[in-house]
Amino acid sequence: MKSIVILISGRGSNMESLLHGAASGSLPVHVAAVISNRPLAKGLETATTMGIPTHVIDHTKFDSREGFDAAVAEVIDSFSPDLVVLAGFMRILSDSFVRRFQGRMINIHPSLLPSFPGLHTHRRALEEGVRVHGCTVHFVTPALDHGPIIVQAVVPVVDGDDEASLAKRVLAQEHQIYPMAVRWFAEGRLRLLDERVELNAVQDGSGVLISPSVH
Ligand code: GRF
């Protein structure tokens, strides 16, 4: 069975969806550890409650990004995971860190990339007046919130939406597509080949998920 290490910074709801999948058997992975750069991340409690080893590597204790990244890489490597899963991990990673895990590190971002990289994606989507919004799982490459796209979920923007209501609708889809992408990887149906995603997921309708309320 493939093993994963999950990196978080906060709430950890995406992490939780992965842990539930692994615990129920619907996601055929062994979660070796959860790493947080914030000692008070709520997700740490969740992981501990679910019996997953946790590690805190507090970025404020490091003088440089490279020093922090090296410490994180060392802990990750101690578990020899097949896949590193960034789940709300709010640190910009150095190029050397990204290259070290290239092809075996994925991220989830709360927008339909390449629209709205960076922060405050829901607010910006509302400001732009887009009619559809969503989330993206992608392989991590040195450019922030870019990288080959694995799967996206689309949700409608409806009249009366505010940042909170839109965020909630997107998050529900994040919890669907992240376990899906990790399962594809675990089953050997997903890989990065020359900066392109190779995905054999015909039975799942491939790399797009439309929120039922769009139809
Ligand atoms: C999610 O919206 C994710 O897409 C983004 O950060 C948020 C993390 O939420 N990268 P959680 O910690 O998984 O609840």
Mind counting the residues in segment 119-167 that are in contact with a helix residue (DSSP H, G or I) (Cβ under 7 Å, 6 or more places away or on another chain) and polar (S, T, N, Q)? 1
Going by what's in this entry, would L7 be described as closer than 24 Å to P110 by Cβ and buried (at least 20 other Cβ atoms within 10 Å of the Cβ)? yes
Subset tally (residues that are touching a helix residue (DSSP H, G or I) at 6+ places or on another chain (Cβ under 6 Å) and farther than 23 Å from D145 by Cα) for segment 68-89: 0
So Y178 fits all but one of (1) on the phi > 0 side of the Ramachandran plot; (2) within 12 Å of the ligand (Cβ to nearest atom); (3) not acidic (D, E); what number is the exception? (1)
Give the number of residues within segment 135-172 that are open to solvent by 20 Å² or more (accessible area, probe 1.4 Å) and assigned to a helix (DSSP H, G or I). 8
Of all residues making up segment 1-37, the number that are more than 18 Å from P81 (Cα to Cα) and within 11 Å of the ligand (Cβ to nearest atom): 8
Is it true that some residue in segment 125-133 is of a type outside the set (D, E, K, R), open to solvent by 40 Å² or more (accessible area, probe 1.4 Å), away from the ligand (no atom under 16 Å from the Cβ) and not in a loop (DSSP other than H, G, I, E, B)? yes
Check segment 18-25 and report whether any residue there is more than 17 Å from the chain's Cα centre (by Cα) and either outside any helix (DSSP H, G or I) or β-branched (V, I, T) (or both). yes
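The values are calculated or read from the model by the stated rules, or taken from the named source; none is laboratory data. Worth saying up front: this structure is predicted, and the values here are computed from it rather than measured. With ideal geometry, Cβ positions are generated from the backbone for all residues, glycine too; neighbour counts draw on all protein chains shown. These accessible areas exclude ligands, DNA and RNA; they are computed on the full protein's heavy atoms, side chains included. Shrake-Rupley method; radii C 1.70, N 1.55, O 1.52, S 1.80 Å.
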